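Participant: Have a look at the structure that comes next, please.
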Amino acid sequence: MKKIVIRYGAYAGLFELICFILTWLIIDIAHVGHKAQGIIGWFTILCPMIFVYFGIRYYRDQFNNGYISFFQALKLGVLIVILPTISFAIIETVYVLYIDPKFYENIALYDIAQYRKTLPPAEFAAKAKEIQQSLVMYKNPLYNFMGMIFTIGFLGIIATIISALLLFRRTKKTVAMA
C-alpha cells in the first residue's frame, strides 16, 4: 500500500504543480477577470484529486482481488491526499510570498470595489475594515500555509469519501452473509 500511496500522491502533487503553472500562465497571458480566475483556481485545486480515485481503484483491482472495504478505501485515499495537499500549500505560499506578493491585496481591492457597489455605506465600511484585517493575516506565511493545508485537505477528504463510496466492494463471502 505504501508504494501506491507514494506513487499516486506524487502523481497528484506533480499534476498540482503543472496545473498551477498552466493556470498562472493562462491568467497572465489572457488577462481573465477575477471571477474566471476563481473558477480556474478551484479547477486547479480539484483536478489532481482524481488521482485519489485512480489510486484506490488500482489498489482494489491489482492488490486486493477486486475488493476493498469502505474504510480501507478511505484510509488509502486520505494517505494519497497528504502529498498533493502539502505540495499545493508550498506552491501557493511561495507564489504569494515571492512571485506575486500583491496577490491578496489585488483580491482585497476587487472585493472592496464589489462591496462598494452593493452594500449601504455603513455596512460597506465594516466590510472594508474586515477585509483589511484579514489581509494582514494572509501575509503571514504560516497562516497562509496552514490555510491551504486545511482547504486542500478538506477537499481531498471529500474526494476520498466520494471515491471510497464509488469503489468499495465487499467480498463475495461478506455479501452472501448479508
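Laboratory data are not the source of any read-out in this text; all were calculated from the coordinates shown. Computed from a predicted model, the values in this text were never measured in an experiment. Here the Cβ is made from the backbone with ideal geometry for all residues, glycine too, and neighbour counts use every protein chain on show.
Participant: For the chain, with only Lys/Arg (+1) and Asp/Glu (-1) charged at the beta-carbon, what is the dipole magnitude about the Cα centre, in debye rounded to 20?
Facilitator: Roughly 920 debye for the chain.
Participant: While we're on this one: May I ask you to derive the FRET efficiency for A113 and L25 from their Cβ-Cβ distance with R0 = 25 Å, giving the value to the nearest 0.05?
Facilitator: Plugging the Cβ-Cβ distance into 1/(1 + (r/R0)^6) gives 0.45.
Participant: Across all directions of projection, what mean area in square nanometres is found for the Cα convex hull of segment 9-66?
Facilitator: If I average the Cα hull's projected area over directions, I get 4.2 nm².
Participant: Can you spot the aspartates and glutamates whose alpha carbon is less than 19 Å from K117's alpha carbon? Ignore those fewer than 8 places along the same chain.
Facilitator: Leaving aside aspartates and glutamates fewer than 8 places away in the same chain, those within reach of K117 are E105, E130.
Participant: Using a Gaussian network model on the chain with a 10 Å cutoff between Cα atoms, which of I80, I99, I40 fluctuates the most?
Facilitator: Largest GNM mean-square fluctuation: I99.
Participant: While we're on this one: Relative to the longest principal axis of the chain, what angle (0 to 90°, nearest 10) does the C-alpha long axis of helix 50-63 take?
Facilitator: For helix 50-63, the angle is close to 10 degrees.
Participant: Right, next: Give me the one-decimal nm value for the distance between modelled label points at M137 and F70, 7 Å along each residue's Cα-to-Cβ direction.
Facilitator: Result: 3.4 nm between the two label points.
Participant: While we're on this one: Defining a contact as two alpha carbons under 8 Å apart and six or more residues distant in sequence, what relative contact order in percent does the chain show?
Facilitator: Dividing the mean separation by the residue count of the chain yields 34 percent.
Participant: Dividing the Cα radius of gyration by the Kirkwood radius, what Rg/Rh value follows for segment 79-178?
Facilitator: 1.25
Participant: Next question. Relative to the longest principal axis of the chain, what angle (0 to 90°, nearest 10) does the C-alpha long axis of helix 141-167 take?
Facilitator: Helix 141-167 sits at roughly 40 degrees to that axis.
Participant: For q = 0.16 Å⁻¹, what log10 I(q)/I(0) does the chain give under the Debye formula with an equal point scatterer on each alpha carbon and no solvent?
Facilitator: These q points yield log10 I(q)/I(0) values of -0.96.
Participant: Right, next: Any idea what angle helix 121-138 forms with the longest principal axis of the chain, computed on alpha-carbon atoms, 0 to 90 degrees, nearest 10?
Facilitator: Approximately 60 degrees, to the nearest ten.
Participant: 7 Å from Cα along Cα→Cβ at both D61 and C47: what's the point-to-point distance in nm?
Facilitator: Result for the modelled spin labels: 2.3 nm.
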